[in-house]
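Below is one structure, written out as structure tokens; the observations come after it.
The values are calculated or read from the model by the stated rules, or taken from the named source; none is laboratory data. Predicted, not measured: the structure shown is a model, and the values here were computed from it. So basically every Cβ, Gly included, is an ideal-geometry build from the backbone, and we count neighbours across all protein chains shown.
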Amino acid sequence: MIKIGIWNTAFLGDAILTLPLLHSVSQAYPEAELHFFVRKGVDSLFTAQPELTSVRGFDKRGKEKGLRGAYRLGRSLAQEGFDLWISPHTSLRSGLIARWTSASRRIGYNSPWFNNWLYTHTVDRAFDQLEEIERLGKLLEPLSIPSTTKPTLVLPPQARVRARNFFADIDAPTLGIHPGSTWPTKQWPLEYFASVMRSAADAGIHVLLFAGPDEVHLAEEVLRLSGVSPDSGQVSNLAGQLSLPELGAYIAGVDCYLSGDSGPMHLAWVQGTPLVAIFGPTVRELGFFPRGQHSTVLENPLDCRPCSLHGPRQCPKGHHDCMRGITPDAAWDAVRTTLEQTRG
């Protein structure tokens, strides 16, 4: 029995973008054990993926923090007897863990330079030429197996049932809004989100307000600024109330989803949810745009874009015009058009 580990402990969106790689490896090795390693907290999203023998959360900020924790993990994995290890993550810690697994075949990118000593096979990431899913597919070249680019996310049944029961009680078009972002400069102004919420409520659209446990205050501020009463029946404030699989199931159920460049944005397009995404410090050329015919991206073309791979903590120019220049009216027009197309 071949035992395979796939390691991508970056952010939620990165893990979702790894799905086609998982599918491809599973198709090539249907009898193998396939273990997916992700950032702790993200693992619950993938527990129902049929390809996986296990999904494991890497506690990079807790008990597995630092090189000592990484070494303990790597040596523990070595005892499990992995035959093949594939890692799109480019940090030194990830490379060392790959080496410490002692897997006979270890595949990573040839940059940074130290990867060439930590992996048995390396490939050119071709960052400036490909989008992320295609870059991940290049890791299969040493195996000479074909790669798919179509991701399929399978959510746990209990999450889908809860979402289905929720939407059964709503007799109106639905708009999901997620105002938060890990990176502050990727966050559209809260008052802009509030303006779209107000417009949606005035148009008879039921708004679902999403936010993670650390973003509840953002959702509450959007709701306050919108002037929409929490008791009006026009909005459901779900901030901090959903598990990650439940968030995915609820996003799959809305008629349109509005967010910035974030992990939950990837939860939308990967399930075919009509999406309006607002991109500021990041651009298509970085390779992380939402895919599919139902995805609409709003941008403000500025010479200073992109300012970094993820977006810095503060606007280097001090104006944040990449986001502030995308008006609530422009976003509402895109949302309204999307809803009209979705609802026929």
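Could you tell me which numbered condition Tyr250 fails, if it satisfies all but one of (1) over 22 Å from Ile133 (Cβ atoms); (2) assigned to a loop (DSSP other than H, G, I, E, B)?
Among (1) over 22 Å from Ile133 (Cβ atoms); (2) assigned to a loop (DSSP other than H, G, I, E, B), Tyr250 violates only (2).
Within the bounds of the range 187-206, is there any residue that is under 29 Å from Cys304 (Cβ atoms) and within 17 Å of the chain's Cα centre (by Cα)?
The answer is yes; a qualifying residue exists.
Take the range 140-156 and flag every residue that is surrounded by 14 or more Cβ atoms within 10 Å (Cβ to Cβ), touching a Ser or Thr at 6+ places or on another chain (Cβ under 8 Å) and under 25 Å from Asp83 (Cβ atoms).
Leu140, Ser147, Thr148
Does any residue of the range 160-169 turn out to be modelled with pLDDT of 95 or more, of a type in the set (Phe, Trp, Tyr) and in the same structural domain as Leu52 (by TED's automatic domain parsing)? So that I can check it myself, show each step before the final result.
As a first pass, look at the range 160-169 and keep what is modelled with pLDDT of 95 or more: 160-168.
From what's left, of a type in the set (Phe, Trp, Tyr): 166-167.
When the remaining residues are screened for being in the same structural domain as Leu52 (by TED's automatic domain parsing), the result is none.
The answer is no, given that none of the residues of the range 160-169 is modelled with pLDDT of 95 or more, of a type in the set (Phe, Trp, Tyr) and in the same structural domain as Leu52 (by TED's automatic domain parsing).
Of all residues in the range 166-201, which are touching a residue at least 24 places away in the same chain (Cβ under 8 Å), assigned to a loop (DSSP other than H, G, I, E, B) and surrounded by fewer than 20 Cβ atoms within 10 Å (Cβ to Cβ)?
Ile170, Ala172, Pro173, Thr182, Trp183, Pro189 - these are the residues of the range 166-201 that are touching a residue at least 24 places away in the same chain (Cβ under 8 Å), assigned to a loop (DSSP other than H, G, I, E, B) and surrounded by fewer than 20 Cβ atoms within 10 Å (Cβ to Cβ).
Residues checked against (1) among the hydrophobic types (A, V, I, L, M, F, W, C); (2) under 22 Å from Asp329 (Cβ atoms); (3) in contact (Cβ under 8 Å) with a residue 60 or more places away in the chain:
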residue: Ala203; (1), (2), (3): yes, yes, yes
residue: Ala211; (1), (2), (3): yes, no, no
residue: Asp214; (1), (2), (3): no, no, no
residue: Asn237; (1), (2), (3): no, no, no
residue: Gln241; (1), (2), (3): no, no, no
residue: Ser259; (1), (2), (3): no, yes, yes
residue: Pro264; (1), (2), (3): no, no, yes
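I need the strands (runs of 3 or more DSSP E) fully contained in the range 39-118, keeping only those with at least 1 residues that are over 30 Å from Leu155 (Cβ atoms).
Values: elements: 54-58, 84-86, 105-109.
By residue number, 105-109.
Are there any pairs with C-beta distances below 6 angstrom linking a residue in the range 82-104 that is within 19 Å of Lys138 (Cα to Cα) to a residue that is modelled with pLDDT under 95 and basic (Lys, Arg), with the two at least 6 apart or on different chains, and if so which?
none
Taking into account only those residues within the range 125-139 that are part of a helix (DSSP H, G or I) and among the hydrophobic types (A, V, I, L, M, F, W, C), which is surrounded by the most Cβ atoms within 10 Å (Cβ to Cβ)? Show your work before the answer.
Pass one, the range 125-139, residues part of a helix (DSSP H, G or I): 132-139.
Right, trim to among the hydrophobic types (A, V, I, L, M, F, W, C) and you get 133, 136, 139.
Numbers: Ile133: 21, Leu136: 27, Leu139: 25.
Among those that are part of a helix (DSSP H, G or I) and among the hydrophobic types (A, V, I, L, M, F, W, C), it is Leu136.
Among the candidates Leu67, Leu96, Leu118, Leu84, single out the residue that is over 23 Å from Phe289 (Cα atoms), modelled with pLDDT under 95 and over 21 Å from the mean Cα position of the chain (by Cα).
Answer to the selection: Leu67.
Just to be sure, is Arg105 outside the structural domain of Arg284 (by TED's automatic domain parsing) and either crowded, with 18+ Cβ neighbours inside 10 Å or modelled with pLDDT of 95 or more (or both)?
On the way: outside the structural domain of Arg284 (by TED's automatic domain parsing): yes; either crowded, with 18+ Cβ neighbours inside 10 Å or modelled with pLDDT of 95 or more (or both): yes.
Here the answer is yes, as Arg105 does meet what is asked.
Being closer than 22 Å to Tyr109 by Cβ, modelled with pLDDT of 95 or more and not assigned by TED's automatic domain parsing to the domain that holds Gly272 narrows it down to one residue among Leu45, Leu12; which is it?
Values: Leu45 fails: closer than 22 Å to Tyr109 by Cβ.
Of the residues listed, the single one that is closer than 22 Å to Tyr109 by Cβ, modelled with pLDDT of 95 or more and not assigned by TED's automatic domain parsing to the domain that holds Gly272 is Leu12.
Any chance you could count how many residues in the range 311-323 are under 23 Å from the mean Cα position of the chain (by Cα) and among the charged types (D, E, K, R)?
Total satisfying the criteria: 1.
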